[in-house]
Amino acid sequence: MSLRLTMIGVMLLGISLSIGISTWLSTHDSEQQIEELFDAQMLQSAKMLELFYGAQPKDHRENLVDHPLLLEITPAKYETFHQDANAESLAYEQKLAFQIWNPKGQLLVRSANSLPSPMTEFEVGYREITMGHRLWHLYTYYSKATDVWIITGQRNDVRQELVDQIMGNSVLGPAIIFPLVALLMIFLSYWLFEPVQELARRLLQRSPADLTPIHMKLPSELVPVRDAMNGYIERIGDAMVRERKFSGDAAHELKTPLAIIKLHHQGLEQTNDPQELQLHHAAIDKGIVQIAHTIEQLLLLSRVDSLTGLNVGLESPEQLINEVLNDLLPIIEPYDWQLDFAPALKARGDGFYLKLVFKNIIENACKYSQGHSPISIRTWAATDEQMAVIQVLDSGPGLNEQDCLQIKERFFRAAGEKVSGSGLGLSICAQIVELHHGRLDIQPGTPRGLDVRVYLPLAQPKSKA
């Protein structure tokens, strides 16, 4: 749907309705005013005839009974209103009629275009009749001073001509102006939408690699669109940088174990010594395990990167950790576990992804701790922050403060680290926790080891009814 055409259509429709309603109202009001004006004119004419008749000598008025006075009307050049017409050339006089009758029903005076009989009954008031196939408006007036009935009449087309002329003028002006307004609106719509067209042209001319912000002057209504597009371009640029870094790091992480596998495969072909063969097989198995682990972590990282929503509910950290410990039973068995769970602690989160977080952290604690060394897991509620805290403290060598700050970066491996890994586990954990609007804190343990704390939004207790 075109916004331009919709805007023009709505505006023209509004103008049309406005003109139509105003024309109808003005015509309706004009008709009422014209009716009142001409009705008043007929009343005034009746009173003028009363004065005319009353000013006649008594003997002349008595003579009218036998010899009614007839007012002749000269033919006119124009039947209706005409631009060159004047009062003498118009047929306006032929459209007016009057009669004067005495109470005995005897005609005294009449106009030539009226009937020799009463045009209406002798009763004061306004009426409408059809006379000579024409609609007439009549007013009947009784003069107490002269004891006569006076009837004045006016043809309806006198009034209708004025109404039609007023209505014609009301329609003629808008009929001339409306096309001009429509053309002006079309021109304005193209002119006003030109910045949008220019923005579209610039976007079409951009190369796929051009991720620079859009800098062009736009109307205030389009500034939010430009800013939103610049923000979107910036996010795309950041995502592409991350993807390139991810691809480079992944290639680097896979390159080393593949090179080791290739080297030991060549060694297998060059020796028949059972001890050397065993050494080469063990190295190849270790490289395959490392590659499988790295690929598994990369797939998980890709899944988390594309994650847009979580199935958030009320979760018990104690229950989730117990499920993870049961799944890792062969791995955790050699260690001294010290568990301290806060009773009835509930956090808001997605149980599936939180178990992945706890699994990674517990596996790391086992990987870097010696057998039979203590590993503690504690939970509590940090009410001041409205957070549920899950702490995993191992007995391994730990990290210095600088490494603790970098450990959540992808593929980061501390200098001198001898334990194999992909360097992705804690990065994935941090990303999942951030999606839960929490945080992952890593710091050196006391007196040794690594202190990992997961902060999750604390579930609000249900209010009592």
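Taken together, the values in this text are just the output of simple stated rules run on the coordinates, not laboratory data. The structure presented is a predicted model; accordingly, all values stated were derived computationally and were not measured. When we count neighbours, we look across all protein chains shown, and the Cβ atoms used for this are built from the backbone with ideal geometry, even at glycine.
Counting 0.36 nm for each residue step from Q270 to E434 and taking away their Cα separation leaves a gain of 53.9 nm. Overall form of region 138-219: prolate. Here a/c, set by the Cα gyration tensor axes a ≥ b ≥ c, is 1.5 or more, and a/b is the larger of a/b and b/c.
About its Cα centre, region 223-304 has a charge dipole of approximately 380 debye under the convention of +1 per Lys or Arg Cβ and -1 per Asp or Glu Cβ, with nothing else charged. With a cut-off of at most 15 other beta carbons within 10 Å, and DSSP calling the residue loop, which GluC sites (Glu not before Pro) in region 302-388 qualify? Please list them. Sparse-neighbourhood loop GluC sites (Glu not before Pro): E385.
With Kirkwood's inverse mean 1/r over C-alpha pairs for Rh, give me the Rg to Rh ratio of region 223-304, two decimals please. With Rg and the Kirkwood Rh in hand, the quotient comes to 1.34. Dipole of the chain computed with +1 at Lys/Arg Cβ and -1 at Asp/Glu Cβ about the Cα centre; of L393, M7, A40, farthest Cα towards the positive end is L393. At 20 °C and a viscosity of 1.002 mPa s, what translational diffusion coefficient does Stokes-Einstein give for region 310-457, taking Rh as the Kirkwood radius over Cα pairs? Give it in µm²/s as a whole number. Answer from the Stokes-Einstein relation: 139 µm²/s. Rounded to the nearest 10 degrees, the angle from helix 317-327 to the longest Cα principal axis of the chain is 50 degrees. Pairs from the list K104/K144; K355/K408; K359/K408; K255/K355 with a Cα-Cα gap above 21 Å: K255/K355.
Peptide packing for 274-286, 176-188, 149-161 was compared via the average number of neighbouring C-beta atoms within 10 Å per residue; ordered from the highest value, the list is 149-161, 274-286, 176-188. At full extension, Q94 and A55 could sit 11.5 nm farther apart than now, given 0.36 nm per residue minus the alpha carbon distance.
Using the Cα centre as the reference, give the magnitude of the dipole from point charges on the C-beta atoms of region 3-167 (Lys, Arg: +1; Asp, Glu: -1; all else neutral), rounded to the nearest 20 debye.
Computed about the Cα centre, the dipole is about 120 debye.
When all alpha-carbon pairs of the chain are counted, what percent fall beyond 43 Å? More than 43 Å apart: 58 percent of the Cα pairs in the chain. In region 153-271, the C-alpha radius of gyration followed by the widest Cα-Cα span (Dmax) gives 35.9, 136 angstrom. The mean sequence distance of close C-alpha pairs (under 8 Å, at least 6 residues apart), as a share of the length of region 223-304, puts its relative contact order at 29 percent.
In this label model, E401 and V124 are separated by 11.2 nm, measuring between points 7 Å along each Cα→Cβ vector. The relative contact order of region 310-457 comes to 25 percent, based on Cα pairs under 8 Å that sit 6 or more residues apart.
Pairs of alpha carbons in region 268-373 separated by more than 19 Å make up 63% of all such pairs.
Classification of region 3-167 by its C-alpha gyration tensor yields a prolate form. The axis ratio a/c (a ≥ b ≥ c) is 1.5 or more, and a/b outweighs b/c. In the chain, the longest principal axis of the Cα atoms and the axis of helix 274-305 are about 20 degrees apart. With contacts taken as Cα pairs under 8 Å and at least 6 residues apart, the chain reaches a relative contact order of 9 percent.
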